[in-house]
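Please treat every number below as a calculation from the coordinates, not as lab data. On a predicted model such as this, the values are computed, not experimentally measured, just so you know. Note: ideal-geometry Cβ built from the backbone for every residue, glycine included; neighbour counts use all protein chains shown.
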Amino acid sequence: MKFVTFLDNKQEKIGLVDQATIYDLEKINSNLPKTLTDLLTDDDFSFPICQQIIHEINRGLYKNAIVIEPQILAPIPHPSSFRDAYAFRQHVETSRLNRGLPMIEEFDQFPVFYFSNHQAIQGPGKIYAMEKHFDRMDFELEIAIVIKKEGINIKAENADEYIGGFMILNDLSARALQMEEMKLNLGPAKGKDFASMFGPYLVTPHELENYKVEPKAGHIGNCYDLEMTCAVNGKEVSKGNFKDIHWTFAEIIERISYGVKLFPGDIIGSGTVGTGCFLELNGTGKRKDSSYKEQWLQPEDIVEMSVTGLGKLINSVHLYQH
């Protein structure tokens, strides 16, 4: 199933998506949970009801619950935390090669992650940023998961049971700020704390069953063949595939939950897919051609991210006016 969170008279509501049409769940069944996090947490109760609603929608019912021109928010607009991993080997290896560095051995030993700003979550639409953010502003093409139940010391072989759904993630980055702070061997933080965009949908794992493939040799956990692309102002600049992930989300969950409790509504990002940001693309271009012209996001640019099964996340970036 696919869900959205949308705004209706300043109230956040859950929308059930069927054939690109959004239905106001509260208008159909007022006994269902009122937030998407609570819906996922109580999926044994809520999902059978939602499945029945879809069957009834397909019979022509609930036309009065269709949401016209909804204001879509991030699927989980108020996560309890947001961690972002570093799970695609191609991105890490190429980015280091572009800086004249060998591949770091520790990458193959354990999955790493950092904490980002869970109070700067945004959905599709306009994104406003400060002038310094536009100093080498970058997109990052990722997939994120939402945790649906509480757990600690979760083993990778059981970790997929904790995933409530998948979303497209654009981890917007201010590279000049990021590079300054990381000289101090701490971060990234300030270069990534101003906007992270998710959506448009949250897609439950069952929806992706037909895309399931084997993970990399020596790894465990669910893996999916999902094409990932990013276009800027209508021109494709990035193309990768989720099946190329080195560390699965199950393995990432095991690492994160070691000695630490995860909660419903926690968000975890995959990290950038190979070719999934201008930092990597510019570095590769300059390494191969010294006259290569760098590209970064500019005010008014439109960023479109598409992932098989997860839809299309469209944002435009704008300079904040004081």
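A few notes on this one:
- Quick note on the chain: its Rg to Rh ratio, both from C-alpha atoms and Rh being the Kirkwood radius, is 0.97.
- Ellipticity estimate at 222 nm from DSSP helix runs (n ≥ 4, -39,500 (n - 2.57)) divided over the chain, nearest 500: -5500 deg cm²/dmol
- Separation between Cα centres of segment 3-39 and segment 227-292, rounded to whole Å: 29
- Cα gyration tensor, segment 209-322 - rounded (a/c under 1.5), prolate or oblate: prolate
- Taking every DSSP beta bridge that has both ends in the chain, the antiparallel portion is near 85%.
- Spacing of the two label points (7 Å from each Cα toward its C-beta) at Glu180 and Tyr258, in nm: 3.4
- Taking a ≥ b ≥ c as the square roots of the eigenvalues of the Cα gyration tensor, segment 2-72 is oblate, since a/c reaches 1.5 or more and a/b is not larger than b/c.
- Ellipsoid semi-axes in whole angstrom, largest first, where each is sqrt(5λ) of the Cα gyration tensor of segment 56-209: 32, 22, 14
- Residue order, fewest to most surrounding Cβ atoms within 10 angstrom, among Cys50, Cys230: Cys50, Cys230
- By other beta-carbon atoms within 10 Å, ranking Ile302, Ile54, Ile252, Ile121 with the fewest at the front produces Ile302, Ile54, Ile121, Ile252.
- Over segment 59-128, the hull volume per residue, using the convex hull of the C-alpha atoms, is 211 Å³.
- Taking 0.36 nm per residue of sequence separation and removing the Cα-Cα distance, the His55/Leu101 pair yields an extension gain of 11.1 nm.
- Proximal lysines to Lys286, defined as alpha-carbon separation beneath 21 angstrom and excluding residues fewer than eight positions away on the same chain: Lys235, Lys239
- Given Lys2/Lys293; Lys10/Lys312; Lys10/Lys192; Lys183/Lys212, the pairs whose alpha carbons are separated by over 31 Å: Lys2/Lys293; Lys183/Lys212
- Selection from Ile314, Ile268, Thr5, by position along the positive dipole direction of the chain (Cβ): Ile314
- Spatially, segment 198-226 and segment 48-87 are offset by 19 Å when compared through their Cα centroids.
- Model label zone, Asp8; criterion: amide N under 14 Å from point 7 Å along Cα-to-beta-carbon; scope segment 19-52: 22-36
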